[in-house]
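Derivation of every value follows stated rules applied to the coordinates shown; laboratory data play no part. Keep in mind that what you see is a predicted model, and the values were worked out from it rather than measured. Every residue, glycine as well, gets a Cβ built from its backbone with ideal geometry; the counts of neighbours run over all protein chains shown.
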Amino acid sequence: MNFLLKYRRPVDIKWKYRYHADVVRWAVETLGNDGRESYDFYREKNETTGMNYTEILQKGTIDADLPGSWGYVYHWLHFHHPWRHTGYFDCRYSAGNAVEARVERAIRQWRKGLNHLAVYQIGRAVHVIQDSWVPYHAALTAGRGHGEFEEWVYEHGEDFRVLRGGYYRWELIFRDTSYADYGPHRINSQTPYHWVEIGAHTSLSWFEKYLDRERFPQYKKYFSRAASQLVPGCIRCVAGFLDFCYHRLFRNK
């Protein structure tokens, strides 16, 4: 597992992945500004790799999107419909299951003393959580304006950066008359699967009301408005997830 030793810092990678790495950095800064003890851990240097844990998180987050990397998460696992609990092509395994699996693997590696690999797994999960805040991932579509919206956010996302107010402990109930057959949906911050659902629930409504290119020809004019809510929500969600994972790992020494 020496792949981490050859890691090039995010400054060396193309802008598409730099945004994902930046969200990790902003989330860690949020932990510090919110006074969370997990901040000190993620800034700590790992002796095996010579990298700090924030850099390892960034590596996992980038690799999750790179076919051929050790940490690649199949792209069809980056999708999650929050009401049907399905992934791409409506398959039963979704981004929520992918996050669960990475957290479980992180715990196993942490117990073995492989701290750098445990945090790397969390980074892989973080990428999937970031994607849940993209409306098209919640709507299970690779088209209909998906690429255009993501490219716009990669270029302008920093304009909506926040560095405080992480989502740490929460319980939420979602209701939607369009999905009345599914009943009210209750989620909470103690369940790894639900860290995908909070983003998917929030972002899906943007797709259905504003951002579906096939129904709303002027969808691009809503990019800034959507990003003003989704980018801060994503950063705060990632901060909360990192804090959750920190406490989960240290309970499993």
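Across the chain, how large is the tail of the calculated P(r) beyond 22 Å, expressed as a percent of all Cα pairs?
Of all Cα-Cα pairs in the chain, 51 percent lie more than 22 Å apart.
Given the options His185, His146, His81, which has the most mean-square fluctuation in a GNM of the chain, springs set between C-alpha atoms less than 10 angstrom apart?
The residue that fluctuates most here is His185.
What list do you get for Thr61, Thr202 if you sort them by fewest beta carbons within 10 Å?
Thr202, Thr61
Using a Debye calculation, one point per C-alpha and no hydration shell, please list log10 I(q)/I(0) for the range 76-132 at q = 0.15, 0.26 Å⁻¹ in order.
Debye curve over Cα of the range 76-132, log10 I(q)/I(0) at q = 0.15, 0.26 Å⁻¹: -0.44, -0.89.
If the elastic network links every pair of Cα atoms under 10 Å, which of Ile56, Ile187, Ile235 fluctuates the most in the Gaussian network model of the chain?
Maximum fluctuation in the GNM of the chain, among the listed residues, is at Ile187.
Between Arg84 and Glu148, what is the label-point separation in nm under the 7 Å Cα-to-beta-carbon projection?
So the two model labels end up 2.4 nm from each other.
What angle, in degrees between 0 and 90 and rounded to the nearest 10, separates the Cα long axis of helix 53-63 from the longest principal axis of the Cα atoms of the chain?
Value to nearest ten degrees: 50.
5 Å is the cut-off here: which amide hydrogens, built 1.01 Å from N in the peptide plane, fall below it relative to Ser189, excluding neighbours closer than 5 in sequence?
Trp170
What is the sum of charges, Lys and Arg at +1 and Asp and Glu at -1, for the other residues whose Cβ falls under 12 Å from the Cβ of Tyr219?
Neighbourhood net charge equals +3.
Let me have the 222 nm mean residue ellipticity of the chain computed from DSSP H runs of 4+ only, each contributing -39500 (n - 2.57), with the sum over all residues rounded to the nearest 500.
After summing the helix terms and dividing by the residues of the chain, the value is -16000 deg cm²/dmol.
Counting only pairs 8 or more residues apart or on different chains, how many lysine pairs in the chain have their Cα atoms under 30 Å apart?
Eligible lysine pairs with Cα atoms under 30 Å apart amount to 23.
Tell me, what HN-Hα J-couplings in whole Hz come from the Karplus equation 6.51 cos²θ - 1.76 cosθ + 1.60 at θ = phi - 60° for each residue of the range 195-200, using x for Gly and Pro?
3J(HN,Hα) across the range 195-200, in whole Hz: 5, 7, 5, 4, x, 5.
Looking only at Asn97, Asn33, Asn115, which one moves most when the chain is put into a Gaussian network model with springs between Cα atoms under 10 Å?
Asn33
Measure out, as a whole number of angstrom, how far apart the alpha-carbon centroids of the range 121-200 and the range 74-99 sit.
12 Å
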